[in-house]
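To start, the structure itself, in structure tokens.
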Amino acid sequence: MPLQNRVTPLGELIADPARGLVYGNRGCLHDATGTIRRRYAVRRWISCRLEFRGWQRGPLLQPGRFTELFFLDESTAFAAGHRPCALCRHDDYRRFIEFWRRRHAGPAGADDIDARLHAERIDPGSKRQRHHTVAAQDLPDGAFVMHDEAPHLVRGADLLRWSPAGYERRVKCPRGPVETITPPSLLALLATGWEGAVPLFHPSAG
């Protein structure tokens, strides 16, 4: 039976046999039986390489350990609000810090960045994912928006519907304001033409 550790662009955890191309965590979300009990445990939401220094990833969902999460690609991880890991993606993390310092005044330590991202991705009242309104023509490739009540990837002039196994049903991106899922700071990162050590796009995105 698939584990409930696949992450959607909406930040939800689902059970699906497709593994994804990016790994990550947001603390220990499961109990001693491996049942998911919470959406997040810490503000440090990171995205990682699937393989690093030969470290073994299994067995998964061990009691008291962080919950191993998997994303279709880095665009999905960004939409969910995860940033590059400072350990397994050190070069990416340094580039991310440089970008952050150009965009935001003030401290740029990991705790400062994670606090700002948390405020962008989670509504403090409802504790649900926070969305933002942005003009469609201003969105970079890799952004996620809500369309027909489902998350879609922006790819050129088109939108691709997300699924755990890949992208489906390409449609034209509408004009005007759209409901954007990807947090504003990570949208700005995508607008720089970001390419990291993990795949930004699943092959099904074309």
Query raised in the report: ARG19 to ARG39: FRET efficiency via 1/(1 + (r/R0)^6), r the Cβ-Cβ distance, R0 22 Å, to the nearest 0.05?
Result: 0.60
Query - Residue-averaged [θ]222 nm for the chain, counting only DSSP H segments that reach four residues, each worth -39500 (n - 2.57) - result: -6000 deg cm²/dmol
**Report entry** Karplus 3J(HN,Hα) series, Hz, for segment 146-151 with 6.51 cos²θ - 1.76 cosθ + 1.60 (x for Gly, Pro)
**Finding:** 8, 8, 6, 6, 9, x
Report task. Step through the residues of segment 90-105 one at a time and calculate ³J(HN,Hα) from phi using the Karplus curve (6.51 cos²θ - 1.76 cosθ + 1.60, θ = phi - 60°), rounding each to whole Hz and writing x for Gly and Pro. Result -> 4, 5, 4, 5, 5, 5, 5, 4, 4, 4, 4, 5, 6, 8, 10, 6
Query raised in the report: Separation between the ALA165 and ARG101 pseudo-spin-labels, each 7 Å from Cα along Cα→Cβ, expressed in nm?
Result: 4.6 nm
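How much area per residue is accessible in the chain when the probe is 1.4 Å and only protein heavy atoms are counted (Å²)? The partial results should precede the final answer.
Values: 9950 Å² over 206 residues.
Each residue of the chain exposes 48 Å² on average to a 1.4 Å probe.
How many times 2.2 N^0.38 Å is the alpha carbon radius of gyration of segment 84-206?
Working: Rg = 15.1 Å, N = 123, 2.2 N^0.38 = 13.7 Å.
The value comes to 1.10.
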Query raised in the report: At a 1.4 Å probe radius, carbon and sulfur cover how many percent of the accessible area of the chain?
Result: 50 percent
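To one decimal place, what Kirkwood hydrodynamic radius in Å is obtained for the chain from all pairs of distinct Cα atoms? Can you show the working numbers first?
Details: mean 1/r = 0.0581 Å⁻¹.
It works out to 17.2 Å.
The values are calculated or read from the model by the stated rules, or taken from the named source; none is laboratory data. Just so it is clear, the model here is predicted, and its values are computed rather than measured. Backbone-built Cβ (ideal geometry, glycine too); neighbour counts: all protein chains shown. With ligands, DNA and RNA removed, areas are computed over all heavy atoms of the protein, side chains included. Shrake-Rupley method; radii C 1.70, N 1.55, O 1.52, S 1.80 Å.
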